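The values are calculated or read from the model by the stated rules, or taken from the named source; none is laboratory data. Keep in mind that this is a model prediction, so the values were computed, not measured. With ideal geometry, Cβ positions are generated from the backbone for all residues, glycine too; neighbour counts draw on all protein chains shown. Side chains included, ligands, DNA and RNA excluded: accessible areas come from the protein's heavy atoms. Shrake-Rupley method; radii C 1.70, N 1.55, O 1.52, S 1.80 Å.
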Amino acid sequence: MIRAHSEGIGSLLRPAYLLNARTQLDQRQLSPADFKHVEDRAVDEALSLQESAGLDVVTDGEVRRYAFFGHLIEALEGFDKAGGWSIPFHDEQGTELTLKRPVVVEKLKWRRQMSVEEFTYLRCRTHRPAKVTLLSAQQAAAYYDPEKSKGAYATRDAYLADLVDFTRREIAELQRLGCEYIQIDAPQYAALLDEKMREGYRQRGADPDTLIDACVDLDNAIIEGHQGMTFGIHICRGNYQSMFYASGGYDRIAEHVFSRAKFHRFLLEYDDERSGTFAPLKHVAGDRVVVLGLVSSKKARLETADELKRRIDEASKVVPLERLALSPQCGFASTSEGNRLTADDQRLKLELVAGVARQVWGS
């Protein structure tokens, strides 16, 4: 199992030259072969950034994806990339943006591997543990629309059964190639801890607690049976251009997720008061690790080492220090637009995560 006390969540800010190259590719002004060289350069720089910062675990920065879920949408035939319902994101000042989600409209078919290219390229360029990010079945459930999807799948459960099978197939190939650590991204769990969103489920005839148990079962099904691999689950409250879509502590889902989910590492957003207290962590099983997302990837302000240490000490009253780790609260660019920080802001925050982890837990 991976033993690490500092890591990023996955995505990093896309450099301008990469965004420009993708536009050129879409307009057929750049060949696929030339675009791959640009992508490779961006991955090399993302890796160098993380290694220089001193993180124990590295990713490819998700720079080959247009969004954190892009690997799924582009690898499997059957999705309308932006045909799903819009989800509103907002900040503390009330500014709002909407993000169009994908929607499944045809029976899913395998087009290519989801993340094997990402891993094999990264594996050849680092000696540190390399993490791959995949999508939670619970998150993918949001890409089913009863009207738009019924021609492909009569029920959401039928769609999710295929989704689980395809994801397990991807994990098996990653394991064969030497991958040891996979993070399952599950921001949609936030909809089940935000009281306003929970009430919306009730009004539509769904009990939130029954729903979350079903979601945990699906995500357990994705990861079970892959012996020797480390699985983490990342739960946040939305991340789009420095905005969020949910608020609320983990209290409402703690017993369902922390006790029943079979993940080895829980990567949790804890950067501000929207995340609640550390008390729900008492439900985390005795051998699991909690990765505290104490450093904001949304706001430019750089936290201090002392405030992070104080919060780690506070959390250690609930979960023993040896079973804690440190990370940003989310990725820096869950979509290609990125959060409203500079590359220097991002670098300083990653260095802070790694530096405080070394001070608290040693090298």
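Looking at the structure I just gave you, is Tyr270 on the phi < 0 side of the Ramachandran plot, under 16 Å from the mean Cα position of the chain (by Cα) and open to solvent by 10 Å² or more (accessible area, probe 1.4 Å)?
On the way: on the phi < 0 side of the Ramachandran plot: yes; under 16 Å from the mean Cα position of the chain (by Cα): yes; open to solvent by 10 Å² or more (accessible area, probe 1.4 Å): no.
The answer is no for Tyr270.
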Top-ranked residue in segment 118-174 [being open to solvent by 20 Å² or more (accessible area, probe 1.4 Å) and among the polar types (S, T, N, Q); ranked as nearest to Arg41 (Cα to Cα)]: Thr120
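Can you report the number of residues in segment 303-332 which are in a loop (DSSP other than H, G, I, E, B) and open to solvent by 40 Å² or more (accessible area, probe 1.4 Å)? Show your work before the answer.
Narrowing segment 303-332 to residues in a loop (DSSP other than H, G, I, E, B): 303-304, 316-320, 329-332.
Of the ones still in play, those that are also open to solvent by 40 Å² or more (accessible area, probe 1.4 Å) are 304, 317-318, 320.
Matching residues across segment 303-332 total 4.
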Strands (runs of 3 or more DSSP E) contained in segment 69-187 and holding at least 1 residues at pLDDT 95 or above and within 19 Å of Ala333 (Cβ to Cβ): 131-135, 181-185
Scope segment 1-48; condition polar (S, T, N, Q) and open to solvent by less than 30 Å² (accessible area, probe 1.4 Å); matching residues: Ser6, Ser11
Close pairs from segment 12-37: first within 25 Å of Asn339 (Cα to Cα), partner modelled with pLDDT of 95 or more and among the polar types (S, T, N, Q), Cβ under 9 Å, at least 6 apart: Leu12/Gln50; Leu12/Thr59; Leu12/Gln346; Leu13/Thr342; Leu13/Gln346; Thr23/Gln29; Leu25/Ser31; Phe35/Gln24
Segment 166-198, residues that are out of contact with any helix residue (DSSP H, G or I) (no Cβ under 9 Å at 6 or more places or on another chain) and without any contact (Cβ under 8 Å) to a residue 60 or more places away in the chain: Arg169, Ala172, Gln175, Arg176, Lys196
